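The values are calculated or read from the model by the stated rules, or taken from the named source; none is laboratory data. If you're wondering where the values come from, they're calculated on a predicted model, not measured in any experiment. Quick reminder, even Gly has a Cβ in these numbers, built from the backbone with ideal geometry, and neighbours come from all protein chains shown.
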Amino acid sequence: MADKRLAIPEAEWKTVYEEAVNYFRALLRIDTTNPPGNEAQACDYLAELLEKNGIAYEILESAPGRANLLCRLQGDGSRRPLLLNAHLDVVGVEREHWSHDPFGGELDQGFLWGRGALDMKNMAIMSLVTVLLLRRSGARLSRDVIFAAVADEEAGGRYGSAWLVEQHPDKVRAEYCLGEIGGFSRVIGGKHFYPVQIAEKGICWFRVKAKGQPGHGSLPNWDGAVAKIGRAAERLGTRRLPFHRTEEAAVFVETLARHQPFPKNRILRKVLDPRWSRIVLERLFPDKSMARSLYAVLHNTANPTILRAGEKVNVLPSEAFLDVDGRTLPGQTTEDFLREVRSVLGGDVDIDIIHQMPAVSGSPTDPILEHMAEALRLHDPLAIVVPYMAPGFTDANHYSRLGIRCFGFSPVKLPENFHFVDLMHGHDERIPVEGFQFGLRVLFDLVSNLCT
Ligand SMILES: [Zn+2]
């Protein structure tokens, strides 16, 4: 595809940056901690900005105080729409651990501070400003550009993207969706990697139930419910589920390896070899958080998170429960996963599924990835796009049910020692102003190339 980016004079970008930062600060000041979410207030703010710019929008309320904003720039229909998605809700904060007001929209030391600065009010503003710039340019669009600012992603999307997909599918249906998680820079060995989410693991949350003889706590009991559930927790917490090589994980590892020197590249490739994978990840990998991420995309996982049993110290309970956060790889069915879980647990307990969502498979060869790389390299010549699979879930899980090809691409350039994943739900969440401006520029270039 020929490069059809719209040119905006350099001098004008200065004004655009200022405008975007002002909008961003105002949005960070609106507390959208979920629960309760209160995204309606944030929608009203974005609506006001669209209104001022003469762009039509819709606010769709899924529950009191929970709202989703949609706006659409019409294209000529020669290609199917592009959806820009950002969730407006944020996770909670422990204020005592913050050095800046998490809802103050403060600008300090070159950073914008606040909950949502990276996850993902930045994308909401970048998308909004991209829409404003497209409209102001008067450019003829080859496809509709839809901007969705949604509720409730942090709690699973029931009042946000899941609700839109179920209640208003035609309003969000698109060929591509750009959203989270990806597009942030990560410097490894002097190389500028930009992970782009192309797939995500599914969910299979389940409850393990153990039964035992009830009775008085003064009498011996060798096989009580508590002992059984304790064994189940111990097994799930310490044993490994089987290795699975997926196309998505293989592309991720291969791309990283290609840009590493010998012998690092050889060692990295060994994680795709079932005979070596575990030894390499657990013993030879210097970066432990990276090793955990790689482990997660090569295995189904089942982490015990909640234990419940008994009410009184002198009463033996007849039942005990263990809730488990299970995550499944693309290509794995719930039955496949539970078979693996049962073989670890043994036969003494029952399993009930609490909630499940299938994994989202991705296409590591989709041409949009090359367009992302081009847009990034215009502003960071060292940029390398790395397709990856997210171990957690995002709005992509819901949108992909409509056949939308979803990519995690909310570009931001981060300082070298800055780890996106540590900050996104952590204390002192912040974004470098320059990195945000970089992201806006990259997103605008990509969207104008894809849509004009
Ligand atoms: Zn998020």
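When each of GLY92, GLY104 is tested for being more than 14 Å from the ligand (Cβ to nearest atom) and either in a helix (DSSP H, G or I) or more than 21 Å from LEU414 (Cβ to Cβ) (or both), the lone residue that passes is GLY104. The set of residues in the stretch 132-151 that are surrounded by 24 or more Cβ atoms within 10 Å (Cβ to Cβ) and either more than 30 Å from ARG80 (Cβ to Cβ) or over 17 Å from the mean Cα position of the chain (by Cα) (or both) comprises VAL145, PHE147. All but one of (1) touching a Phe, Trp or Tyr at 6+ places or on another chain (Cβ under 8 Å); (2) within 16 Å of the ligand (Cβ to nearest atom) hold for LEU128; which doesn't? For LEU128, the failing item is (2). Contact map, the stretch 389-405: first residue over 21 Å from ALA124 (Cβ atoms), second residue within 14 Å of the ligand (Cβ to nearest atom), Cβ cut-off under 7 Å, separation 6 or more or different chains; pairs are MET389/GLU200. When the stretch 52-66 is limited to residues that are of a type in the set (A, V, I, L, M) and free of Cβ contacts under 8 Å to residues at least 40 places away in the same chain, the one that is nearest to the ligand (Cβ to nearest atom) turns out to be ILE59.
Taking the criterion of being within 16 Å of the ligand (Cβ to nearest atom), farther than 27 Å from LEU164 by Cα and among the aliphatic types (A, V, I, L, M), the residues of the stretch 415-452 that qualify are VAL421, LEU423, ILE431.
Each row is one residue, and each column tells you yes or no for (1) on the phi < 0 side of the Ramachandran plot; (2) surrounded by fewer than 21 Cβ atoms within 10 Å (Cβ to Cβ); (3) touching a Ser or Thr at 6+ places or on another chain (Cβ under 7 Å); (4) basic (Lys, Arg).
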{"residue": "ARG339", "(1), (2), (3), (4)": "yes, yes, no, yes"}
{"residue": "ARG342", "(1), (2), (3), (4)": "yes, yes, no, yes"}
{"residue": "ALA359", "(1), (2), (3), (4)": "yes, no, yes, no"}
{"residue": "HIS379", "(1), (2), (3), (4)": "yes, yes, no, no"}
{"residue": "ALA396", "(1), (2), (3), (4)": "yes, no, no, no"}
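The residues on offer are ASP325, ASP366, ASP348, ASP336, and the sole one that is in contact with a Phe, Trp or Tyr (Cβ under 7 Å, 6 or more places away or on another chain) and of a type in the set (D, E, K, R) is ASP325. Screening GLU247, GLU282, GLU254 for residues that are in contact with a Ser or Thr (Cβ under 9 Å, 6 or more places away or on another chain), under 24 Å from LEU329 (Cα atoms) and of a type outside the set (A, V, I, L, M, F, W, C) leaves exactly one candidate, GLU247. Residue check: GLY403 meets all listed conditions (1) closer than 20 Å to SER161 by Cβ; (2) surrounded by 16 or more Cβ atoms within 10 Å (Cβ to Cβ) but one, namely (2).
Restricting GLU154, GLU166, GLU180, GLU175 to residues that are surrounded by fewer than 24 Cβ atoms within 10 Å (Cβ to Cβ), in contact (Cβ under 8 Å) with a residue 24 or more places away in the chain and in contact with a His (Cβ under 9 Å, 6 or more places away or on another chain) narrows the list to GLU154. Does THR394 fit the bill of being in contact with an Asp or Glu (Cβ under 8 Å, 6 or more places away or on another chain) and either away from the ligand (no atom under 16 Å from the Cβ) or not small (Gly, Ala, Ser) (or both)? It is true that THR394 is in contact with an Asp or Glu (Cβ under 8 Å, 6 or more places away or on another chain) and either away from the ligand (no atom under 16 Å from the Cβ) or not small (Gly, Ala, Ser) (or both).
What are the residue pairs meeting all of these: first residue in the stretch 269-292, first residue surrounded by fewer than 12 Cβ atoms within 10 Å (Cβ to Cβ), second residue assigned to a helix (DSSP H, G or I) and charged (D, E, K, R), Cβ atoms under 9 Å, and 6 or more apart or on different chains? Listed by first residue and then by second, the contacts come to SER289/ASP422.
Restricting to the stretch 212-234, name every residue that is under 21 Å from ALA302 (Cα atoms) and either surrounded by fewer than 17 Cβ atoms within 10 Å (Cβ to Cβ) or not basic (Lys, Arg) (or both).
ALA225, VAL226, ALA227, ILE229, GLY230, ARG231, ALA232, ALA233, GLU234
Considering the stretch 1-39, and only residues there that are without any contact (Cβ under 8 Å) to a residue 40 or more places away in the chain and part of a helix (DSSP H, G or I), the residue that is nearest to ASP89 (Cα to Cα) turns out to be ASN22.
The C-beta contact set for the stretch 74-89 (first residue assigned to a loop (DSSP other than H, G, I, E, B), second residue at pLDDT 95 or above and among the hydrophobic types (A, V, I, L, M, F, W, C), distance under 6 angstrom, 6+ apart or interchain) comprises GLY75/LEU141; PRO81/ILE146; PRO81/ALA174; LEU88/ALA42; LEU88/ALA149; ASP89/ALA151.
Only one of the listed residues (GLY156, GLY183, GLY189) is modelled with pLDDT under 95 and within 16 Å of the ligand (Cβ to nearest atom). That residue is GLY156.
The set of residues in the stretch 375-386 that are more than 16 Å from ALA296 (Cβ to Cβ) and either touching a residue at least 24 places away in the same chain (Cβ under 8 Å) or among the β-branched types (Val, Ile, Thr) (or both) comprises ALA375, LEU376, LEU378, HIS379, ASP380, LEU382, ALA383, ILE384, VAL385.
Condition check: at pLDDT 95 or above, in contact with a His (Cβ under 8 Å, 6 or more places away or on another chain) and away from the ligand (no atom under 16 Å from the Cβ). Does LEU69 satisfy that? Show your work before the answer.
Values: at pLDDT 95 or above: yes; in contact with a His (Cβ under 8 Å, 6 or more places away or on another chain): no; away from the ligand (no atom under 16 Å from the Cβ): yes.
Criteria not met by LEU69.
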